[in-house]
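Have a look at the structure below, then the notes.
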Amino acid sequence: MTPEAVQMVSNLRREFYTLFAAAMNVPVKVSGSSYNRSSSIASWVDDHAQLNYVSIYAYTAPDELLVERPFILRVSINKGAGGITFFKRDQPYEGINQGWHFELTVLPEELLAFIPWVVSLVKAKAKDSRLPLQEPPYPVSLNTASVLLSTEAWSKEAERMSELPCQAIPQL
């Protein structure tokens, strides 16, 4: 990734976690190593005493060889074991929520607008679908007919951008 892309991911991640924590109305802990902020996560304990977590990372990003590569972010909820090492004992829980996971893929400029939708999805899943789900701020493609049954969503624009060809810089 280019240094500019690294900085943008870091800034967006920090802002997303801050706004997400405020919207969740439950204690949300942001964890990560101080030397590698790219591995930070936000975690919370749900009503079933299950630990849940969200991480944000670059799905694709421009770099020195592929400067035209699209910049696409992924919001990953309860997916991947890499963040487990960040969970601290000061956040008591009975286990990690392995009952559901979700990935949302968006463009950087779409990320923050999706916070209310992500919060409503998390709350609907925690309450076994009894809460209404907000409409997404941008059109999305799902891997099933229902967002509550889906494990993946792409904003239409991120999906379109991911299909664009990118070319490497020719070797000199």
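The values are calculated or read from the model by the stated rules, or taken from the named source; none is laboratory data. What you are looking at is a predicted structure, and each value in this text was computed from that prediction instead of being measured. Don't worry about glycine lacking a Cβ; one is built from the backbone with ideal geometry, like all the others, and counts go over all protein chains shown. Only protein heavy atoms, including side chains, enter the accessible area calculation; ligands, DNA and RNA are left aside. Shrake-Rupley method; radii C 1.70, N 1.55, O 1.52, S 1.80 Å.
Restricting attention to region 45-98, and to residues there that are modelled with pLDDT under 85 and of a type in the set (Val, Ile, Thr), which single residue is farthest from Ser31 (Cα to Cα)?
Val67
Kindly provide the set of residues from region 19-32 that are in a helix (DSSP H, G or I) and exposed (fewer than 14 other Cβ atoms within 10 Å of the Cβ), ordered by number. Reasoning before the result, please.
First, the residues of region 19-32 that are in a helix (DSSP H, G or I): 19-24.
Ala22, the sole residue that qualifies.
Just need a number here: residues in region 110-124 that are surrounded by fewer than 18 Cβ atoms within 10 Å (Cβ to Cβ) and closer than 18 Å to Glu163 by Cβ.
Number satisfying all stated conditions: 0.
Of all the residues that make up region 40-74, how many are within 18 Å of the chain's Cα centre (by Cα), among the hydrophobic types (A, V, I, L, M, F, W, C) and in a loop (DSSP other than H, G, I, E, B)? Spell out the reasoning first.
First, pick out the residues of region 40-74 that are within 18 Å of the chain's Cα centre (by Cα): 40-46, 51-61, 70-74.
Subset that is among the hydrophobic types (A, V, I, L, M, F, W, C): 41-42, 44-45, 51, 54, 56, 58, 61, 71-73.
Restricting the remaining residues to those that are in a loop (DSSP other than H, G, I, E, B) gives 61, 71.
Residues that pass the stated criteria total 2.
Being hydrophobic (A, V, I, L, M, F, W, C) and more than 16 Å from the chain's Cα centre (by Cα) is the requirement here; does Leu133 meet it?
Numbers: hydrophobic (A, V, I, L, M, F, W, C): yes; more than 16 Å from the chain's Cα centre (by Cα): yes.
In short, yes.
Could you run through region 132-156 and say how many residues are in contact with a helix residue (DSSP H, G or I) (Cβ under 9 Å, 6 or more places away or on another chain) and open to solvent by 70 Å² or more (accessible area, probe 1.4 Å)?
Qualifying residue count, region 132-156: 5.
So which of Leu121, Leu104 is in a strand (DSSP E or B) and either under 21 Å from Ser43 (Cα atoms) or modelled with pLDDT of 95 or more (or both)?
Step by step, each of Leu121, Leu104 is checked, and only Leu104 is in a strand (DSSP E or B) and either under 21 Å from Ser43 (Cα atoms) or modelled with pLDDT of 95 or more (or both).
Take Ala158 and decide whether it is at negative phi, of a type outside the set (Lys, Arg) and either modelled with pLDDT of 95 or more or part of a helix (DSSP H, G or I) (or both).
Details: at negative phi: yes; of a type outside the set (Lys, Arg): yes; either modelled with pLDDT of 95 or more or part of a helix (DSSP H, G or I) (or both): yes.
For Ala158, the condition - at negative phi, of a type outside the set (Lys, Arg) and either modelled with pLDDT of 95 or more or part of a helix (DSSP H, G or I) (or both) - is met.
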